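The values are calculated or read from the model by the stated rules, or taken from the named source; none is laboratory data. For clarity, every value in this text was computed on a predicted model and none was experimentally measured. Positions of Cβ are generated from backbone atoms using ideal geometry, with glycine treated the same way; all protein chains shown enter the neighbour counts. The accessibility values were calculated without ligands, DNA or RNA, using every heavy atom of the protein model including side chains. Shrake-Rupley method; radii C 1.70, N 1.55, O 1.52, S 1.80 Å.
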Amino acid sequence: MTGRTPPGHGRADRVEGVLLASACGDALGVPYEFGSAPLEDGAMPRMIGGGLGPYAPGEWSDDTQMAVVIARVAAAQGLRDADALDAVVDGWVEWLGDGASDVGTQTRQVLGVVGAEPGEKRPGSRARQAAVELHARTGRTAGNGSLMRTAPVALAFLDDPGALTVQARTISELTHRDTLAGDACVLWCHAIRLAVLEGTVPDLSELVVELSSEHRDAWAAWIADAERRPPADFAPNGFVVPALQAAWSAIRHPVGDGSPVVASLTAAVRAGDDTDTVAAIAGALLGGAFGTSSLPDDWLTLVHGWPGLRADDLRALAFQVASRGEQDALAHRVPVELHEVAEHLRARGLGEGVDFYVAGRPVPGGLSSEYVGLRQRDDGSYRVWYLGDWGTERTFVETTDFSVARQRFVEEAVRLARGRWGSNILDEPGGRRRWWQRR
């Protein structure tokens, strides 16, 4: 791909803008990370290089480097299965040994475990295990390192929001076990998705419905706080919550008279502290809303980085990710009614893949040894079954009437969950979903 997408080109322009605006934010923030270079009041940040490493003017850092690894796997094979997760982790391990200009402490620790075990058959599973072990030792695995790289995941699931919710968290947990890190990735990926599809910055507070019910109020309060205060109020921002708040605040409180993208990325850099990461996070959402055509020509000329890519390469890669995602969504389409019943159970606090399973929806880390399942078969009928601890299945109902299957599925899933967790099951789902009102 050569040249620039003309203004008003629509969804294609916005798809390409996600990776490119994120990379531009990264390169714009690199020189000023942790005060590496002074930025006087009223001065506009520039892609002058330097920062915490020997960065050339316009060169992006680990934020974009790690995102590129995800994007290349997404373009080649999608992000839906364990093989894809293995490829992502293998790509990161290779990057760590050849090209990583800067690596977060937490990410380095997890990838170091995998890299020390060459020939590991399932590097994705080993990375997740290492992340769990790190969390158990420290209790502090909610850095901003998974949020900064999450943009390609949104592009891979533009046409499959149910899978996006699951896989955004799954890919976060390859290095960051804390639930807050996964929450942030889910929120931001859904925001990017809507920005690309609708051509506007969505209301982030409405997207808390994508999270488990017990976390929604906290995130709604954090988002509201970010809308009230300027980005600099959220420094230091190495923790994922203030990193997201700083990025969202920068979008809500632009600085200067430039385009929305330029003004908000300026605000992100001026927030201080982890400037390249905050600007990369904000840039992904801004690029999704305003597209490549909103980026200044001098930024597009300068921006570049590992592994030898430039602006047009990122544009082509983003297009390939979205195209592959569209094909995969068609091949893995789960009927809307099955999505709705699964989201109903999640909204009531049940664990997908632990208490219940809807065939066709990806589940992180495999399935529990005991759960209630729902499947639509090739002939259009529905089957509800129970899988026991010993791997034996018992069919509850086989029917062509979805209302019958739905009622039995919900009853059995709730019964199983209450047997495990007690009576702490919500009676009604929150947010916008009202599947039970449909007739």
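For this structure, a couple of remarks:
- Residues that are free of Cβ contacts under 8 Å to residues at least 24 places away in the same chain, of a type outside the set (Lys, Arg) and in a loop (DSSP other than H, G, I, E, B) within segment 15-53 comprise Ser36, Ala37, Pro38, Glu40, Asp41, Gly42, Ala43, Ile48, Gly49, listed in sequence order.
- In segment 223-255, the residues that are in contact with an Asp or Glu (Cβ under 6 Å, 6 or more places away or on another chain) and under 18 Å from Gly35 (Cβ atoms): Ala235, Pro236, Asn237, Gly238
- Breaking point among (1) over 16 Å from Glu340 (Cβ atoms); (2) part of a loop (DSSP other than H, G, I, E, B); (3) under 32 Å from the mean Cα position of the chain (by Cα); (4) not aromatic (Phe, Trp, Tyr), for Arg420: (2)
- Exclusive hit being closer than 18 Å to Leu197 by Cβ, open to solvent by less than 30 Å² (accessible area, probe 1.4 Å) and under 22 Å from the mean Cα position of the chain (by Cα), set Leu286, Leu330: Leu286
- Hey, Glu206 assigned to a helix (DSSP H, G or I), under 28 Å from Ala127 (Cα atoms) and among the charged types (D, E, K, R) or not: no
- Counting only helices (runs of 4 or more DSSP H) that sit completely within segment 121-174, those holding 1 or more residues that are modelled with pLDDT of 95 or more, under 24 Å from Leu314 (Cα atoms) and among the aliphatic types (A, V, I, L, M) correspond to 151-156, 161-172.
- Within segment 100-116, the residues that satisfy the criterion of being part of a helix (DSSP H, G or I) and open to solvent by 30 Å² or more (accessible area, probe 1.4 Å) are Thr105, Arg108, Gln109, Gly112, Val113, Gly115.
- Residue count for segment 46-77 under the criterion of being open to solvent by 20 Å² or more (accessible area, probe 1.4 Å), touching a His at 6+ places or on another chain (Cβ under 9 Å) and not acidic (Asp, Glu): the result is 1.
- For segment 312-355, filtering for residues that are within 29 Å of Ala67 (Cα to Cα) and not β-branched (Val, Ile, Thr) leaves 27.
- Residues that are small (Gly, Ala, Ser) and surrounded by fewer than 23 Cβ atoms within 10 Å (Cβ to Cβ) within segment 180-225 comprise Gly199, Ser205, Ser212, Ser213, Ala218, Ala220, Ala221, Ala224, listed in sequence order.
- Ala268 closer than 17 Å to Trp188 by Cβ and either of a type in the set (S, T, N, Q) or buried (at least 18 other Cβ atoms within 10 Å of the Cβ) (or both): yes
- Residues that are basic (Lys, Arg), within 16 Å of Gly182 (Cβ to Cβ) and open to solvent by 10 Å² or more (accessible area, probe 1.4 Å) were ranked within segment 117-152; the one that is farthest from the chain's Cα centre (by Cα) is Arg140.
- Ala12 closer than 21 Å to Leu317 by Cα, at pLDDT 95 or above and surrounded by fewer than 17 Cβ atoms within 10 Å (Cβ to Cβ): yes
- Here Gly258 clears all of (1) under 26 Å from Gly49 (Cβ atoms); (2) open to solvent by less than 10 Å² (accessible area, probe 1.4 Å) except the condition numbered (2).
- Meets criteria (within 19 Å of the chain's Cα centre (by Cα), open to solvent by 40 Å² or more (accessible area, probe 1.4 Å) and not acidic (Asp, Glu)) for Arg310: no
- Ser323 vs. criteria of a type in the set (Ser, Thr, Tyr), farther than 30 Å from Gly51 by Cα, assigned to a helix (DSSP H, G or I) and open to solvent by 20 Å² or more (accessible area, probe 1.4 Å): yes
- Among the residues making up segment 341-372, those that are within 21 Å of the chain's Cα centre (by Cα) and among the acidic types (Asp, Glu) are Glu343, Glu352.
- Count - residues of segment 89-99 that are in a loop (DSSP other than H, G, I, E, B) and buried (at least 19 other Cβ atoms within 10 Å of the Cβ): 0
- Looking across segment 209-219, the residues that are closer than 24 Å to Arg140 by Cβ, in a helix (DSSP H, G or I) and hydrophobic (A, V, I, L, M, F, W, C) come down to Ala218, Trp219.
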